[in-house]
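What follows is a short report on a single structure.
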Amino acid sequence: MKAAQSKPTVFLGGGRITGALLAGLRLARYDRPIVVHDRHHSKLRQLHREYGVAVEPDLLRAVERAHLLMITVRPDEVRGLLQQIGDTSRGKINPKIAVSLAAGIPLAHLRGWMGNAVGWARAMPSPVARVGRGLTALSFGHDFPLKARLEVRDFFARVGAVLEIPERKFDAFSVTYSSSQGYHALAGLAEAAQTVGLDRRTALTAAAHALGDGILAWREGSATLDELLHEAATPGGIAAATLASMDKSGYKRAVLRGLQAGMKRARRYTKQ
């Protein structure tokens, strides 16, 4: 057990989600060793400087050091990366558990591409992990050991809530949960508020309250969403008129089309 604890979690990819997770882990005072590999040395220098993590420019050496391997490259780079590891290692990869954070790449592909006896899981963490309020969906392969499942759940629980879901729901989750949805809604509502008369600062404050504090009231209270809507939008009042006009203009239809477009993009990765 002590030997496993001394071996690091290794991130293959030093991009945005790796940075967000490292920030959240530092906030949570995570004390296990972490190593990051990336082909861009400038990213490694920045991550080492900002978070104090160890870096490893050599891909195979990084993999050989890992107790837990995190694949954090872009979806269109995953196949090449795993095949490179499989070809170079000749079946002698050290880590027995690996987690892919790449959207749209199914477990079956991950198992096939690296060509090693590795237990695979998928994770979809939110960049809001940076401040310890993330949400991570997890799905485990049938060969993923129970003890390792608990370890992975604990790892992501350091930076927010964890939700285990079947892999068939992963694409739908991926297009729905992103914090970009909230930022996009905030920007749109604040822009509209400026058009009808508010200055930018007041518009952002009002829009942030409408979205963030309203949702917080639902999450932390006991009222249902329908009850809260009824309370906030009095029939015949200003809020009710606002919402009715939004719906008539196709608001819900636009949201649905957005999610469908995201699903279509995710399924392109599945067909690699």
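FYI, it's all coordinate maths here, none of it is from the lab. For clarity, every value in this text was computed on a predicted model and none was experimentally measured. We place every Cβ from the backbone using ideal geometry, glycine too, and count neighbours over all the protein chains shown.
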Points 7 angstrom from Cα along the Cβ direction at H230 and R29: gap in nanometres? 4.6 nm
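What is region 194-234 by shape, rounded, prolate or oblate, if you read a ≥ b ≥ c off the alpha carbon gyration tensor as root eigenvalues and call it rounded for a/c under 1.5, prolate for a/b larger than b/c, and oblate otherwise? Each step should come with its number before you reach the end.
Details: a/c = 5.14, a/b = 2.05, b/c = 2.50.
Oblate shape, in that a/c is at least 1.5 and b/c is the bigger or equal ratio.
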Distance in nm between K147 and D213 label points, each 7 Å along Cα→Cβ, equals 5.0 nm
Cross-chain or 8 or more residues apart, Cα under 20 Å: how many lysine pairs in the chain fit that? Count them up, please. 9
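Arrange the peptides 101-114, 237-250 so that the one whose residues have, on average, the most other Cβ atoms within 10 Å appears first.
Values: 101-114: 20.2, 237-250: 11.3.
Ranking, from highest mean packing down: 101-114, 237-250.
Please compute the Kirkwood hydrodynamic radius of region 11-92 from all pairs of different C-alpha atoms, in Å with one decimal.
Its Kirkwood hydrodynamic radius stands at 13.1 Å.
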Distance from region 180-202 to region 33-62 (C-alpha centre basis), Å: 38 Å
Looking at H40, G14, P235, which one has the Cα that reaches farthest to the positive end of the dipole of the chain (charges on Cβ: Lys, Arg +1; Asp, Glu -1)? H40
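Per DSSP H run of at least 4 residues, take -39500 (n - 2.57); add these up for the chain, divide by its residues and hand me the 222 nm value, nearest 500 deg cm²/dmol. Write down the numbers at each step before the final one.
Details: 14 runs with 150 residues, N = 272.
The per-residue figure over the chain is -16500 deg cm²/dmol.
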